[in-house]
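Input: a single structure, listed below in structure tokens.
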Amino acid sequence: MHAIDPRHLVTLEAVVRHGSFAAAADELACTQSAVSQQIAEIERRIGIRVLDRRPVRPTEAGRELLDAELAVRTSTAIALQELSALSSGRTGRVRLGAFASAAVGVVPCALAGLRRTHPDVQVNLTQLETEMSYAQILRGDLDLALTFDYDRAPRKPPARIRRLLIVKDPVLVVLPAAHRLAGHESIRLAELADDDWIASSMIARQLALLAQLSRTPGFKQRLEFDGDDFQTILALVDQGLGIALLPKLATLRAPPGIVTRPIVESPLTRFIYTARLDTREAPASLATIEQKIADVLRAILIGL
């Protein structure tokens, strides 16, 4: 078995991630023929197929090589961050990922604060959900991310990622202002069992918990929203099409015709974290923006 060109492993990773030779070629700025040749060269050198072509997916050998490629990327990214930590941190670039409600509700204020104290630090912001953020951190494509999970559905981060809990974000019941229970300070779940519920793929799993918490059958979704934009769910509730469960952070820009109320029973909670590579030292610019994000989140959700 002869040595494999590391650049060909980057090509293999792109093909598998996109599930397409053509899409990988577009990302790598080369021809589809060049991508095919590089994959063929890997297979020639090791004497084993690394990809099934239809559909495009890695073989067992391909998965082994992808694990090796990711380990190299992650180790390189850690080394680069630790070298960057030796600088003063007054300049540089931070690649930041954030889930949708944080990208609109937290990041702008944090970046405004960063601009005042570190005007020469450049930030590239990408809206990403948690699992994609972790993947991009490990590949060295992202420096810092805002991620989350729920108390009833915890998700451990991958190895070599340092995750720091910033704040607890309570999940609230979202109601039209004209709802019969809108005047209550808090709401018992059993009183909502027969209401029409609006659910997204991210929130639908919470509905199954409501019957358990309230010990009451019901909680059927009437309208399903296929997306991750909580503002759309708020608009649907505002039009009287149902009620919903949303984290508090997602409701801060709710229309005036909506009210939010806490749950009387055992509350549902979303945990919000910052995540980055687990290095001995973080670049000063990275540590600064992480702290500013934490300060803004705590001020919004718990008033600190």
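Points to keep in mind about this one:
- FRET efficiency, 1/(1 + (r/R0)^6) with R0 45 Å, evaluated for residue 185 and residue 54 via beta carbons: 0.15
- Under-5 Å amide H pairs with residue 149, H placed in peptide plane, nonlocal only: 271
- Around the amide H of residue 99, modelled in the peptide plane, lie the amide H atoms of 128, 146, all under 5 Å away and 5 or more residues distant in sequence or on another chain.
- Helix 60-84 vs. the chain, principal-axis angle (Cα, 0 to 90°, nearest 10): 80 degrees
- Under the Karplus curve 6.51 cos²θ - 1.76 cosθ + 1.60, θ = phi - 60°, whole-Hz ³J(HN,Hα) for region 17-34, x wherever Gly or Pro sits: 5, 8, x, 7, 5, 5, 5, 4, 4, 4, 5, 8, 6, 9, 7, 4, 4, 5
- Using alpha-carbon coordinates, inclination of helix 284-302 to the longest axis of the chain, degrees: 20 degrees
- Spin-label pair residue 71/residue 278, simplified geometry with 7 Å Cα→Cβ offset, distance in nm: 1.6 nm
- Sequence-distant residues sharing a close amide H with residue 258 (under 5 Å, placed H): 177
- Figure legend: label point modelled 7 angstrom from the Cα of residue 269 along Cα→Cβ; residues of region 155-184 with amide N under 17 Å from it are 155-156, 164-173.
- Positive-end residue of 137, 78, 111, charge dipole of region 40-140 with Cβ unit charges: 111
- Centre separation in Å (Cα based) which lies between region 224-290 and region 92-158: 14 Å
- Given charges at beta-carbon only (K, R positive; D, E negative), |dipole| of region 1-152 in Debye: 280 debye
- Estimated from the Cβ-Cβ distance and a Förster radius of 45 angstrom, the FRET efficiency linking residue 33 and residue 235 is about 0.45.
- Across the protein chains, with a 1.4 Å probe defining accessible surface, the residues 181, 111, 241 rank 241, 111, 181 from largest area downward.
- Think of each Lys and Arg Cβ as +1 and each Asp and Glu Cβ as -1; about the Cα centre, that makes the dipole of the chain roughly 440 debye.
- This model, with +1 at the C-beta of Lys and Arg and -1 at the C-beta of Asp and Glu, gives region 1-82 a dipole about its Cα centre of some 280 debye.
- Extension gain for residue 125 to residue 152 (0.36 nm times residue separation, less C-alpha to C-alpha distance): 6.8 nm.
- Packing-based ranking of 276-289, 58-71, 112-125 yields 276-289, 58-71, 112-125, ordered from highest to lowest mean Cβ neighbour count within 10 Å.
The values are calculated or read from the model by the stated rules, or taken from the named source; none is laboratory data. Since the model is a prediction, treat every value here as computed from it, not as a measurement. We place every Cβ from the backbone using ideal geometry, glycine too, and count neighbours over all the protein chains shown. Please note that ligands, DNA and RNA were not included when accessible areas were found on the heavy atoms of the full protein model with its side chains. Shrake-Rupley method; radii C 1.70, N 1.55, O 1.52, S 1.80 Å.
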